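Everything below concerns the one structure shown next.
The values are calculated or read from the model by the stated rules, or taken from the named source; none is laboratory data. Keep in mind it's a predicted model, so treat the numbers as computed, not measured. Here the Cβ positions follow ideal geometry from the backbone for every residue, glycine too, while neighbour counts run over all protein chains shown. To get the accessible areas, we keep the full protein, side chains included, count just its heavy atoms, and leave off ligands, DNA and RNA. Shrake-Rupley method; radii C 1.70, N 1.55, O 1.52, S 1.80 Å.
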Amino acid sequence: MTSKQTAAVHGGERSSHNPGVVNTINPSTAFHFSEAANQFYPRYFNTPNQQIIVDKLCELENAEAGIVFSSGMAAISTTLMALLKPGDHAVMLNGLYGGTHSFVCKEFDDAGIQYTFASGDVASLTGAMQDNTRMVFVETPANPLLDVVDLRGLSDAVAGRNALTVVDNTFASPINQNPLDQGFDISIHSGTKYLGGHSDLTFGAVLGHAEPIELIRQKAINYGGCLNGLTCYLIERSLKTLAVRVERQSDNALEVARYLAGQAAVDQVFYPGLETHPDHQLAARQMTGFGGMLSFNLDGAVSYRDFLGALKLITPATSLGGVESTMTMPVFTSHRLMPEQTRQQLGITERLVRFSVGIESANDLIADLEQALARCLAGSEAGAAG
Ligand SMILES: Cc1ncc(COP(=O)(O)O)c(C=O)c1O
């Protein structure tokens, strides 16, 4: 098996009729007529540039087949609607990305699909299964609290029960976690995050066994969320550096998490790489790196507005997974659409800051955090004195 570092660079390479070392871009939306059943067309998800990134991602995820979409939500929504039918039931992790959570709550009733949200331990997820359960859908590490689901434990427990196991693998990326190797049927990515990695592309990917991927492709042809050749080329270019980016982001995140865990102005740090994280042992078993995402609760004395406003290098911004470090408040962004009560239950409050650690120097990031926390503490002490 090729290493992931090598697959990221060389996976999907086409050498025939191409004198260059870089694959050619084929922007065409019209392809020469043929009588074949599978004619090329961007919305048939089968053009040469789409296939190149599918091949690369299949190598990275050890997948038999794949399909790439115009966004992560296009990938998620098409997968759900392709694999679930009216009368089916799905078990969904309760701590899912807010957009997925909202899709389920808004669309499943209309589609006649039943669902139960369950917490991330294997017993709760399998305990929520019914005779008509056809899918168990999780996310790990989950957005934004970095809870970890036991992929092998769950796939073993669901095996033989006629239900597909699907995971949103966005936070880990294929560099740090390969769910299909842990018995999962389908791995989904918002490529907008780590796969693209430069905060300038929107796409999604679904990787898995050939049979469900073909069902998803048939649905996708009707839904239409496809990519053009030029965007595919940019994705391919980004993927070549995926391993070096994610390895550096993971190293930086561990250093930064250790620093934050020692700060009086920080209440709690959520990072699976910390020995204090409740899922640390599990994460160490099923991941090859702990990833570039972490979150933390600010102490009551520090307001998020003052803290974000005091940062000089780290940019307060939505989204995640880029080479530049960014921070956001999930309560106002990724989980805004989640009902307030559910957010409170999960611990997504106005004190929770989500940190997407980039590839800058860890020392510079820590220096920025240090000066921002010091300014906030000085401000709150002055306020208390005055
Ligand atoms: C874990 C996760 N999954 C899926 C998505 C949706 O991806 P997109 O914004 O590319 O549609 C996001 C977006 O933030 C995400 O964080």
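This table checks each residue for (1) in the same structural domain as Ser155 (by TED's automatic domain parsing); (2) farther than 16 Å from Gly87 by Cα; (3) under 20 Å from the mean Cα position of the chain (by Cα).
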{"site": "Ala118", "(1), (2), (3)": "yes, yes, yes"}
{"site": "Thr126", "(1), (2), (3)": "yes, yes, no"}
{"site": "Met135", "(1), (2), (3)": "yes, no, yes"}
{"site": "Pro144", "(1), (2), (3)": "yes, yes, yes"}
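Within the set of pairs 6 or more residues apart or between chains, which connect a residue that is without any contact (Cβ under 8 Å) to a residue 12 or more places away in the chain inside the stretch 129-156 to a residue that is outside any strand (DSSP E or B) and among the charged types (D, E, K, R) with Cβ atoms less than 6 Å apart? Matching pairs, first to second residue: none at all. Taking the criterion of being without any contact (Cβ under 8 Å) to a residue 60 or more places away in the chain and either touching a Lys or Arg at 6+ places or on another chain (Cβ under 7 Å) or within 13 Å of the ligand (Cβ to nearest atom) (or both), the only residue of the stretch 170-199 that qualifies is Gly183. Selection over the stretch 84-124 of residues that are polar (S, T, N, Q) and more than 16 Å from the ligand (Cβ to nearest atom) gives a count of 4.
Taking the criterion of being within 16 Å of the ligand (Cβ to nearest atom) and in contact with a Ser or Thr (Cβ under 7 Å, 6 or more places away or on another chain), the residues of the stretch 133-146 that qualify are Asn143, Pro144, Leu145, Leu146.
One line per residue, one yes/no per condition, for (1) open to solvent by less than 50 Å² (accessible area, probe 1.4 Å); (2) assigned by TED's automatic domain parsing to the domain that holds Val357; (3) under 28 Å from Val302 (Cβ atoms):
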residue: Glu247; (1), (2), (3): no, yes, no
residue: Asp251; (1), (2), (3): no, yes, yes
residue: Gln263; (1), (2), (3): no, yes, yes
residue: Gln268; (1), (2), (3): no, yes, yes
residue: Leu274; (1), (2), (3): yes, yes, yes
residue: His277; (1), (2), (3): yes, yes, yes
residue: His280; (1), (2), (3): yes, yes, yes
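Entry remark, the stretch 178-221: residues being in contact with a helix residue (DSSP H, G or I) (Cβ under 9 Å, 6 or more places away or on another chain), assigned to a helix (DSSP H, G or I) and not polar (S, T, N, Q) number 10 in total.
Could you list all residues from the stretch 200-223 that are open to solvent by 20 Å² or more (accessible area, probe 1.4 Å) and within 15 Å of the ligand (Cβ to nearest atom)?
Passing the criteria: Asp200, Thr202, Tyr223.
This table checks each residue for (1) within 16 Å of the ligand (Cβ to nearest atom); (2) free of Cβ contacts under 8 Å to residues at least 60 places away in the same chain.
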| position | (1), (2) |
| --- | --- |
| Met293 | yes, no |
| Phe296 | no, yes |
| Gly300 | no, yes |
| Asp306 | no, no |
| Ala310 | no, no |
| Met329 | yes, yes |
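Within the stretch 324-336, does at least one residue satisfy the condition of being of a type in the set (Asp, Glu), part of a loop (DSSP other than H, G, I, E, B) and touching a helix residue (DSSP H, G or I) at 6+ places or on another chain (Cβ under 8 Å)? Within the stretch 324-336 (the criterion being of a type in the set (Asp, Glu), part of a loop (DSSP other than H, G, I, E, B) and touching a helix residue (DSSP H, G or I) at 6+ places or on another chain (Cβ under 8 Å)), the answer is no, since none of the residues qualifies. One residue is enough: does the stretch 74-93 have a residue meeting the conditions closer than 26 Å to Thr349 by Cβ, among the aliphatic types (A, V, I, L, M) and part of a helix (DSSP H, G or I)? Yes: one or more hits.
Selection of first residues in the stretch 5-16 that are under 14 Å from Glu236 (Cα atoms) and of second residues that are outside any helix (DSSP H, G or I) and charged (D, E, K, R), restricted to Cβ pairs under 7 Å at least 6 apart or on distinct chains, gives the following pairs, ordered by first then second residue: Ala8/Lys240; Val9/Lys240. Considering only residues in the stretch 55-77 that are open to solvent by less than 10 Å² (accessible area, probe 1.4 Å) and closer than 13 Å to Arg217 by Cα, the one that is farthest from the ligand (Cβ to nearest atom) turns out to be Ile67. Of the residues making up the stretch 112-132, those that are touching a Phe, Trp or Tyr at 6+ places or on another chain (Cβ under 6 Å) and assigned to a loop (DSSP other than H, G, I, E, B) number 0.
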